Each structure stands twice: as structure tokens, then as C-alpha cells.
Amino acid sequence: MMQFYILDTGLGADWKLYAGGQAIVKPIVRCPVCNWPLDDGRPAEIHVALDHIGRQGFTEHLWSGVPIFRADLVGMWEEAGLSGFAVRKVKIVTWHNRPRKPLPENIPGYLQLVPTSRVRLLEPPPIESPCPQCGVVEYAFPKVGNHLENGIRIDPSSWDGSDFFSLTGYGFVFCTRRVAEVTLRAGFNRRIVFAKVDDYDRWEEFDYDKWTPTAYREYLEQYLIRRVEDL
């Protein structure tokens, strides 16, 4: 069976250490039938208000809650012939809540990765049928503080063979082994990590009574892939 992965930008490193900001978007548009928040046809260029730079500065990933990557990394994916994604231009236009503060010089080019292929899940199971208006399926993901005992299982019949793909209505970036290999062989593993879908979110939440921060980091790392040999 094909092994799928999640490209994760939140677990790889402390987001405070490198540059991040907030996308400046229009008011959230919701489906008139199910009230699910939708991608509202955002423009070709996304504007970002910078929150912080951090000691590591501008890296290959711009922390923002959406998948924004430096243009050279995206270009490498394109040159490798990876499929299943489009891009939106990203422009840092101001500081968040500090509009008069000058922006840093030599900000690298960034692009938002937009998966164009969609899949369905077998695990966690769907709660109900797809919305007849927007097609979103709500799945039985656990509430905050709980975890997925069995990870995620993708319905293989719903995969169209793309290297990047996602889940309608959710922010996951799923990918094939090809994506992980290309990315990790190029050395992008400090702030970007991969996890097997059937391992994803099986880890426990941090508990001060059980772990020190260092011990928890070591525990979490067993689920994260930073080397091609571990794929």
C-alpha cells in the first residue's frame, strides 16, 4: 500500500525562532448550507503583516498558519516535477499593529502552497455525508487535548496520483514519498518535518507532571521524520 505523509511546519521548530506573520484576508466566507469556513477565492497575491523575525530570521518557511514557503524551495519542487499544487504570491506589506515601523531589508520571496488535489479519509471516520453545496465532509477529529490513537488513514481510491494533496475544508498538506525525499535530500529539515499519516497526532499532549520540555521534545521526535533513511 502506498505510504502517504503529512508535510508539517508547526512541529519542526519553535515558531518564535524564525520570521512569522498574519495573512491579511477578507472576512471569512462560510458555506450557506453547512456554515463551514471556505477558501473565499483569495487574490493571486496574499498580503502578510509581520509579527516577529526571531533569531533565525527569514527561513524557508514563513510561519503564518498557512503553508508559505520561500520561493527557492517551491522552485525546487517545481523543477523536480512534483504535481498537485498551485501557488499564490506572498508580499509582506507591514508590521502587525506597528504600521509605522520600517520593514526589514532584503526580505526573500515567498509563495503560498495551494494543494489542488483532494482526498477522502477512512480514519477518523466521517461524521456525516458531504455538504451538497461545498462538498466538505466533517470528520471525527478529537477535541483539543486528545489525540488520534490510530493516526490518519486516507481512502486510496480517492487519491488521483498527485504528489501534493489535501482534504476539503481542512488545512492538511498531504504528500507522497517523492516530496519528502526531494525536500529532505536538499537539507530542508530544521523547520519542516514529515510524519507518516498513520503516525500523525498519535503523540500525547505535553504534561508538566510527566515530562520536562527536553524529554517531551525527545518523545515527540520519534514521530517526526527529518532524514530520508527514516521514511
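With the Cα gyration tensor of the stretch 47-184 giving a ≥ b ≥ c as the square roots of its eigenvalues, does the rule (a/c under 1.5 for rounded; else a/b larger than b/c for prolate; else oblate) give rounded, prolate or oblate?
Judged from the Cα gyration tensor, the stretch 47-184 comes out prolate (a/c at least 1.5, a/b above b/c).
At 1.4 Å probe size, put TYR110, TYR223 in order of accessible surface, largest to smallest.
Heavy-atom accessible area, descending, gives TYR223, TYR110.
ARG202 accessible area, nearest 10 Å², 1.4 Å probe?
80 Å²
With the Cα gyration tensor of the chain giving a ≥ b ≥ c as the square roots of its eigenvalues, does the rule (a/c under 1.5 for rounded; else a/b larger than b/c for prolate; else oblate) give rounded, prolate or oblate?
Rounded is the answer for the chain, as its axis ratio a/c remains below 1.5.
Tell me the accessible surface of TRP15 in square angstrom (1.4 angstrom probe, heavy atoms of protein chains only), to the nearest ten.
100 Å²
How compact is the stretch 1-102 by the rule of thumb for globular proteins, expressed as Cα Rg over 2.2 N^0.38 Å?
Rg over 2.2 N^0.38 Å, computed on Cα atoms: 1.24.
In straight Cα distance, which lysines are under 24 Å from LYS16, not counting same-chain residues fewer than 8 positions off?
Partners found: LYS89, LYS91, LYS101.
So what does LYS210 come to for accessible area, using a 1.4 Å probe and Å² rounded to 10?
Looks like 120 Å² after rounding.
Return the unpartnered cysteines for the chain, using a Cβ-Cβ cut-off of under 4.7 Å.
Here CYS175 come out as lacking a disulfide-compatible partner, given the Cβ-Cβ threshold of under 4.7 Å.
The values are calculated or read from the model by the stated rules, or taken from the named source; none is laboratory data. In this text the structure is predicted, and so the values were computed from the model without any measurement. No Cβ is skipped: glycine too gets one built from the backbone with ideal geometry, and neighbour counts run over all protein chains shown. To get the accessible areas, we keep the full protein, side chains included, count just its heavy atoms, and leave off ligands, DNA and RNA. Shrake-Rupley method; radii C 1.70, N 1.55, O 1.52, S 1.80 Å.
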